[in-house]
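Working notes, structure below.
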Amino acid sequence: MAIKLDMSKTYDKVEWHYLESIMVKMGFLEHWIKLLMLCVTTVSYLILVNGEPKGMITPSRGILQGDPLSPFLFLLCTEDDSLLFCRAIVQECQKVLDILEVYGKCSGQLINRSKTTIFFSKATCENTRNHIKTTLGVPKIILYEKYLGLPSLVERYKKADFNYIKERVLKKMQGWNEKLLSQAGREVLIKAVVQAIPTYTMSCFKLPLGHCLKIESLTRRFWWGQNGDRRKIHWVKWSTLCQSKNEGGMGFKDLANFNDALLAKQAWRLLHNKNSLFYRVLKPRFFPDCSVLEATDSTSGSHA
């Protein structure tokens, strides 16, 4: 099973000794650590009562929200989202809980159980699933839920999993169509926003060709100034507009080709970064006796 943890962002519960220990472990210079801890530990508060400041509260833990340094220090203490993998048995589930309890006592952080979710493999029986969900006190994962902005699961019918990209593009364009934009303004919005929206997803997944064509269709209509159902003439082929400006085009991206280029970067990582976790997971599973370029297609592989 996989457990997607969600941490409560409790800045005021960060334990100072834990923060200091983390910085020591990460190899920061002693003088630097002392300077940072002085910033953290010399904070005091006054409370306004009927408009007048009262008392002097000196905290013993926590980092100040609103301080530009605080988000960076908080990231040293916790990750907002983490994925844990283990066997779907109650004993391992309890071990995970024990580890999280120790971590919580040391760091002062709390697990947000209402947003923490579990995904079980198909071989896990229903009784075991229910027992583990009760033990952890968290809900089961819901279909199409995202992790770090990407679908947690890509099902057999991939179009539904990636519909959110089309919807985001369409929503953006509907807002822009109401404004009087020049051709130059449309160019900037297409390049900086519309064609940037799917980039992160396309660096990890091969999008269905239909999605790429649909986004390009929406982009073409926006470029030529179509509003609603009022169709305008497209004076130049989209393939021409995708050429560089030196060749007479506008430098727009052909999304399908751009998707392939982004995925080629992942293949490059598999060829040259053999110490990465990415390589060590995929190597024995899909190309144990050869390089990734010589690997055969696998019908049992996931979409990733």
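The values are calculated or read from the model by the stated rules, or taken from the named source; none is laboratory data. Treat the numbers as computed from the prediction; the structure is a model and nothing was measured. FYI the Cβ positions are ideal-geometry reconstructions off the backbone, even for glycines, and counts take in every protein chain you see. We work out accessible area using only protein heavy atoms, side chains counted, and drop any ligands, DNA or RNA first. Shrake-Rupley method; radii C 1.70, N 1.55, O 1.52, S 1.80 Å.
Quick notes on this structure:
- P(r), alpha carbons of the chain - 10 Å bins starting at zero, rounded %: 5, 18, 21, 23, 20, 11, 3, 0
- Where Lys133, Lys122 fall by accessible area, highest first, once all protein chains stay in place (1.4 Å): Lys122, Lys133
- Global form of region 210-268, assessed from the alpha-carbon gyration tensor, a/c cut-off 1.5: oblate
- Surface listing: Val90, Val24 arranged by accessible area from highest to lowest gives Val24, Val90, probe 1.4 Å.
- Residue (of Ile111, Val138, Ser182) at the positive-pole extreme of region 73-182, dipole from beta-carbon charges: Ser182
- Per-residue SASA remark: Met202, around 0 Å² accessible (1.4 Å probe; ligands, DNA and RNA not included).
- Over the chain: helical MRE at 222 nm, DSSP H runs n ≥ 4 each giving -39500 (n - 2.57), nearest 500: -13500 deg cm²/dmol
- Cα-centre dipole for region 1-109 with unit charges at Cβ (Lys and Arg positive, Asp and Glu negative), debye to 20: 120 debye
- Violating pairs (Cα-Cα greater than 24 angstrom) within the set Lys133/Lys206; Lys115/Lys265; Lys4/Lys133; Lys171/Lys245; Lys13/Lys133: Lys133/Lys206; Lys115/Lys265; Lys171/Lys245; Lys13/Lys133
- Relative frequency of Cα-Cα separations exceeding 20 Å in region 1-93, percent: 52 percent
- The shape of region 153-266 comes out oblate: with a ≥ b ≥ c from the C-alpha gyration tensor, a/c is at least 1.5 while a/b does not beat b/c.
- Alpha carbon centroid spacing (whole Å) that separates region 8-47 from region 63-92: 16 Å
- Scalar couplings 3J(HN,Hα) for region 40-47, obtained by applying the Karplus form with A = 6.51, B = -1.76, C = 1.60 to θ = phi - 60°, are 7, 8, 9, 7, 9, 10, 10, 10 Hz; x denotes Gly and Pro.
- Shape of region 43-192, Cα gyration tensor, a/c cut at 1.5: oblate
- Among the protein heavy atoms, those of Asp98 account for about 60 Å² of accessible surface (1.4 Å probe, every chain in place).
- Whole-number percent relative contact order across the chain, with pairs defined as alpha carbons under 8 Å at least 6 apart: 15 percent
- Normalised per residue, the accessible area of the chain is 64 Å², obtained with a 1.4 Å probe and no contribution from ligands, DNA or RNA.
- Check: region 185-232 dipole with +1 on Lys, Arg Cβ and -1 on Asp, Glu Cβ, in debye: 180 debye
- Put simply, the amide H of Lys146, placed in the peptide plane, has neighbours under 5 Å in Ser152, leaving out anything fewer than 5 places away on its chain.
- Surface composition of the chain: carbon and sulfur atoms hold 57% of the protein heavy-atom accessible area at a 1.4 Å probe.
- Here region 46-168 is treated with +1 on each Lys and Arg Cβ and -1 on each Asp and Glu Cβ, and its dipole about the Cα centre works out to around 480 debye.
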